[in-house]
Amino acid sequence: MRCVIHPGLPQAATIGGRSYCRQCASQMASAVGKLDPHVSPRDCFVWYTGGANGWAPIDGTGCAHFVSHEIGIHRGHSGEQCLAGFTFRVSTMLRGLSKVPGGLTSVKHRDIWVNGERTHCGLVTRVGPDVATGASGDYPAIWITHSSSRLHRVSLDRFDAYFKSEGEFFR
C-alpha cells in the first residue's frame, strides 16, 4: 500500500481506512498534539493543508465532531469530515435532521441540542428524573454532553442551568 498524499512513499499508518506514509503520520501526530483538550476523539481531527505546511488541526471547534462520532453522522464532502469520515461542522451535521416536535417534554436520549446561533452543539445523554422549570412550564431535566472549547473539555451540563434553557433539539 502507498500513502494517499505521497504515492511514492510506502504506508506506515492507516487512519479511517486510508494509508499514510511515515512523514504524514509524524505530522499528524504533531498536529494532534496542538489540539485543544476539548477535542474528542483526537486522532482524526486533523487535515492536510498542502505540501509546504503538511498536516494541521482542523479549523474550528470539536463539538459537532464529538456528536457525529457518538451517533454516526457522516454528512458532507471530504472537506467537511474528519479523517475517519465524521462530520465536524454544526450546519453540515444538521442537514437532514428535523427539530424535535412537541417541545421540551418530547426531548429524548441521543437527540442533538444546538444553540441559537448554531455555533455549538451537544448530545442529550440523560432526560429526567429531575424536573426543570422553564418559560413554557415544567419539563424533565435534560443533560447534554458537549465538547466545549470554553471549558477545554468534554462536559456534561444541564440544559436549564448551564445552557439557560436556550437552543433547539434535533433528531
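Since every read-out is calculated from the coordinates, none of them should be taken as a lab result. Just so it is clear, the structure is predicted and the values come from calculations on it, not from any experiment. All Cβ positions, even for glycine, are placed from backbone atoms using ideal geometry, and neighbour counts span all protein chains on display.
Multiply the residue separation of Ser78 and Arg95 by 0.36 nm, subtract the distance between their alpha-carbon atoms, and state the gained length in nm to one decimal.
Values: separation 17, 0.36 × 17 = 6.12 nm, distance 1.54 nm.
Contour length minus Cα-Cα distance gives 4.6 nm.
Before anything else, pin down the relative contact order of the chain: Cα pairs under 8 Å, at least 6 apart, normalised by residue count, whole percent.
Working: 343 pairs, mean separation 29.9, N = 171.
Computed over the chain, the figure is 18 percent.
Can you tell me what the convex hull of the Cα atoms of the chain projects to on average, as an area in nm²?
Details: hull surface 41.4 nm².
The orientation-averaged projected area of the Cα hull of the chain comes to 10.3 nm².
Take every pair of alpha-carbon atoms less than 8 Å apart whose residues are at least six positions apart; their mean separation over the length of the range 90-170 yields a relative contact order of 30 percent. Which angle between 0 and 90 degrees, to the nearest 10, do you get for helix 22-33 versus the longest principal axis of the chain when only C-alpha atoms count? Tilt relative to the chain: about 30 degrees. Cross-link partners among aspartates and glutamates for Lys99, C-alpha distance below 16 Å, same-chain residues fewer than 8 apart left out? The reachable aspartates and glutamates, counting only those whose Cα sits under 16 Å from Lys99, are Asp111, Glu117, Glu166, Glu168. If R0 is taken as 41 Å, the Cβ-Cβ distance between Val131 and Gln11 corresponds to a FRET efficiency of 0.15.
Every pair of different Cα atoms in the range 99-166 enters the Kirkwood calculation, which places the hydrodynamic radius at 12.1 Å.
Electrostatic tally near Cys3: other residues with Cβ closer than 15 Å to its Cβ, Lys and Arg +1, Asp and Glu -1, net +3. Residues in the range 77-91 carry Karplus couplings, in order, of 8, 4, x, 10, 10, 6, 4, 8, x, 9, 5, 10, 10, 4, 4 Hz; the curve used is 6.51 cos²θ - 1.76 cosθ + 1.60 with θ = phi - 60°, and Gly or Pro positions show x. Placing a pseudo-label 7 Å from each Cα along the Cα-to-Cβ vector at Thr105 and Arg153 gives an inter-label distance of 3.6 nm.
For Met1 and Ser26, what does the FRET efficiency come to when R0 = 22 Å and r is the distance between their Cβ atoms, rounded to the nearest 0.05?
Details: r = 18 Å, r/R0 = 0.80.
That gives a FRET efficiency of 0.80.
Can you give the local net charge around Leu94? Use residues other than it whose beta-carbon is closer than 10 angstrom to its beta-carbon, Lys and Arg +1, Asp and Glu -1. That sum, taken over residues with Cβ under 10 Å, equals +4.
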